[in-house]
Amino acid sequence: MLDTSILDQVRSIFAQLEANYTFEIKASASREEAPELTAFINDVASCSDKISCETVNAEGNCLEFSLLKNGKHTGIKFRGIPNGHEFTSLLLAVLNADGKGKNLPDKMITQRIKDLCGKVKLQTYVSLTCTNCPDIVQSLNIMSLLNDDITHEMIDGALFQQEADEMKIQAVPTVYANGKMLHVGRGSLGELLEKLEELVGTEHNESCNAINRQYDVVVLGGGPAGTSAAIYSARKGLKVAIVAESVGGQVKETVAIENLISVPHTTGAQLANSLRSHITDYPIDIFENRRIEKADLKGKEKHITAIGGEVFSAPAVIIATGAGWRKLNVEGENDYIGRGVAFCPHCDGPLYEGKHVAVIGGGNSGIEAAIDLAGICKKVTVFEFADTLRADKVLQEKAQSTPNVEIFTSSQTTSILGNGEKVTGIKVMDRNTQEIKDYPLDGIFVQIGLSANSTPFVNELETSRIGEILIDEHCRTSVPGVYAAGDVSSVPYKQIIIAMGEGAKAALSAFDDRIRGII
């Protein structure tokens, strides 16, 4: 089933396995995909003499396999055939079980996972075309490996469609914990861990386990701006740390990047990997899966506290925390996120095949989303608040020539309509006539730009009306020793190449202030 080149790569990946592993396969004869699953898993197992397969009798609608280590269940199960984007999740499950893989968390995060209370059954509904799903699956698999009271199932919604429909799944990834919805959409191990700590409790004593880490420069954020700032600071011989939810940041959600000068074409995932690779060329300490809880920036020594009790201290702090999806903030939106309200057309678009969806926003991201969705959905309706579209002309022309795309400008979304279980429509006001109209539809993709991730700093620094940290031409903020770069700042034009330049500028400004005795 897998071609020779892929099998050769898998053999190389599994060459250093130490423990013995078993894929325990349960596939009902009634499932037409059963032979495919068996062939797929046997192909993977053939790549190492440390891996074997065992078939267990199954009835009903069963199509799954579990991972065992030295004859003991690891708690990891795949319901479906993890090819596509989830093939990496399968390989990493084995490597992580063997204590290998660069995605394993550090001691602090590991301890927090072990400190979760009670038994937790985790289930993640995925699409094999989703680029965000593997991050969630891999993170929860790691939790299962580190805590014997946690189990995790990856569930391919396409192969268990009736089950997904009964669960009202309208976005992927969707995570359930002990039968309750825990998370929808992209996320990091740190974010998932926080939600589980809140849901089931933790034995972690923050006051007893608090750690104060001292650096010359602390960079907050691991995207293009943060990476650039860290590298430029390290090249000055300074002791540098990156504190971030993940290296790559928001850029990982970008499917195609064609305007990064000197790189004609790349993807967000490839760029994120390149950023990480470049960081590791320098003695930079990386603390991933961290979210900033509070910041004390007023003194000469700045203190940043992360969830879990860690404190990062330095005379220079560079804030490069980026931005997240901006919400409409209208009635019904929060109620139906994951149940008809979505933000990523690449991940959730396939769930709306043959249906009518709306795209809110007429900028590049909105029109690109409409064009992509038009190839999947029966009809796509674009609503833009302004009098004209803001997207590039070539995108506008493409959308306007697509027969199942309709576009309304001067249109203000006033509320999201639903039946308690899922979205049923949208209420929109014509800004010229003030007429309000209901549009029946099946899903809504919000594409109205990004919102600066500046919440931990708003009481410490001057910000704009929309929450961007105000900076001067040197990336200096209103507080000496604190700098901001990239999408979290007030710099115009939120572009990868600009964020990289701003990160370098912030680092050079911090170094200049250091040698002049300002910090």
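The values are calculated or read from the model by the stated rules, or taken from the named source; none is laboratory data. Just so we're clear, the structure is a prediction, and the values are computed from it rather than from any experiment. Cβ sites come from the backbone with ideal geometry, for glycine too, and all protein chains shown count toward neighbours. Surface areas here come from the heavy atoms of the whole protein model, side chains and all, with no ligands, DNA or RNA. Shrake-Rupley method; radii C 1.70, N 1.55, O 1.52, S 1.80 Å.
See the values below:
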read-out	value
Vicinal HN-Hα couplings computed from phi for region 294-311 (Karplus, 6.51 cos²θ - 1.76 cosθ + 1.60; Hz; Gly/Pro x)	7, 9, 10, 10, 6, x, 5, 9, 8, 10, 10, 10, 9, 4, x, x, 5, 10
Contact order normalised by residue count of the chain, Cα under 8 Å, 6+ apart, percent	12
Cα-based shape type of region 324-370, given that a ≥ b ≥ c are square roots of the gyration tensor eigenvalues and the cut on a/c is 1.5	oblate
Region 444-518: relative contact order in percent, alpha carbon pairs under 8 Å with at least 6 residues between	24
10 Å binning of all Cα-Cα separations within region 428-519, expressed as whole percents from 0 upward	15, 35, 22, 15, 10, 4, 1
Positive-pole candidate from Ile376, Leu189, Ala241, dipole of the chain, charges at beta carbon	Ala241
Given (i) 87, 66, 50; (ii) 167, 83, 37; (iii) 71, 61, 45, the label whose value is Cα extents along the principal axes in Å derived from this model	(iii)
The chain - accessible surface per residue (Å², probe 1.4 Å)	44
Under 5 Å, built H, 5+ apart or other chain: amide partners of Thr55	Ile25
Above-threshold pairs, the threshold being 25 Å between Cα atoms, out of Lys195/Lys327; Lys72/Lys168; Lys119/Lys195; Lys77/Lys102; Lys327/Lys437; Lys168/Lys294	Lys72/Lys168; Lys168/Lys294
Lys, Arg +1 and Asp, Glu -1 on Cβ, resulting dipole of the chain about Cα centre, debye, nearest 20	1060
Region 369-519 - share of DSSP beta bridges that are antiparallel (%, nearest 5)	75
Solvent-accessible area, 1.4 Å probe, carbon plus sulfur percent, for the chain	48
Segment Ser401-Gln434, length gained on full extension (0.36 nm per residue, minus Cα span)	9.0 nm
